[in-house]
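Colleague: Here it is: the structure, laid out below.
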Amino acid sequence: YVGELNQVWTNIIDNAIYALPSGGKLTIETTCDTKNVNVKIIDNGVGIPPEILSRIFDPFYTTKKVGEGTGIGLDLVKRIIKHHNAEIKVNSKPSRTEFHICLPLSQ
């Protein structure tokens, strides 16, 4: 479901860009082995505070100002990842947030 995966990349990259400081860096790393495709989207922005990290995939949860975010982007990401029998992990600290998506090559 290529169109769905495009939504995953778009939402995660848009959020990363939003978090980046002026002159910040966004890195996309991809690897593949016999079972999985791994994609890491890494930014050196402000990071996700530990106290909200467990909520970022909740529907309608956003830290953006009114009119800038709806809180459905990462909820959609989570549902698409599940639809692909894939996994998503997030690690974040100030100056480094990494979303790691692991997509199986076969069902």
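The values are calculated or read from the model by the stated rules, or taken from the named source; none is laboratory data. Quick caveat, the model's predicted, so the values are computed rather than measured. Every residue, glycine among them, receives a Cβ derived from its backbone with ideal geometry; neighbour counts consider all protein chains shown. Areas reflect the complete protein model, heavy atoms only, side chains present, ligands, DNA and RNA absent. Shrake-Rupley method; radii C 1.70, N 1.55, O 1.52, S 1.80 Å.
Colleague: In the range 1-43, what count of residues is obtained for those that are at pLDDT below 95 and closer than 15 Å to N91 by Cβ?
Modeller: Total meeting the criteria: 3.
Colleague: For D58, indicate whether it is in a helix (DSSP H, G or I), free of Cβ contacts under 8 Å to residues at least 60 places away in the same chain and of a type in the set (D, E, K, R).
Modeller: The answer is no for D58.
Colleague: Consider the range 59-82. How many of its residues are loosely packed, with under 12 Cβ neighbours inside 10 Å and at pLDDT 95 or above?
Modeller: 1
Colleague: Criterion first (loosely packed, with under 12 Cβ neighbours inside 10 Å, of a type in the set (G, A, S) and more than 16 Å from I80 (Cα to Cα)) does G3 satisfy it?
Modeller: The answer is no for G3.
Colleague: Of everything in the range 7-27 that's among the small types (G, A, S) and surrounded by 14 or more Cβ atoms within 10 Å (Cβ to Cβ), which residue is nearest to L76 (Cα to Cα)?
Modeller: Selected residue: A16.
Colleague: Of the residues D75, D33, D14, which single one is farther than 18 Å from V2 by Cβ, among the acidic types (D, E) and more than 14 Å from the chain's Cα centre (by Cα)?
Modeller: Exactly one of D75, D33, D14 is farther than 18 Å from V2 by Cβ, among the acidic types (D, E) and more than 14 Å from the chain's Cα centre (by Cα), namely D33.
Colleague: Same structure, new question: Considering (1) exposed (fewer than 15 other Cβ atoms within 10 Å of the Cβ); (2) at negative phi; (3) assigned to a loop (DSSP other than H, G, I, E, B), say which one G45 fails and leave the rest.
Modeller: With (1) exposed (fewer than 15 other Cβ atoms within 10 Å of the Cβ); (2) at negative phi; (3) assigned to a loop (DSSP other than H, G, I, E, B) applied to G45, the lone miss is (1).
Colleague: Give me the pairs, please: first residue somewhere in the range 16-28 and touching a residue at least 12 places away in the same chain (Cβ under 8 Å), second residue anywhere and open to solvent by less than 40 Å² (accessible area, probe 1.4 Å) and among the hydroxyl-bearing types (S, T, Y), beta-carbon distance under 8 Å, and either six or more positions apart or on two chains.
Modeller: A16/T97; A19/T97
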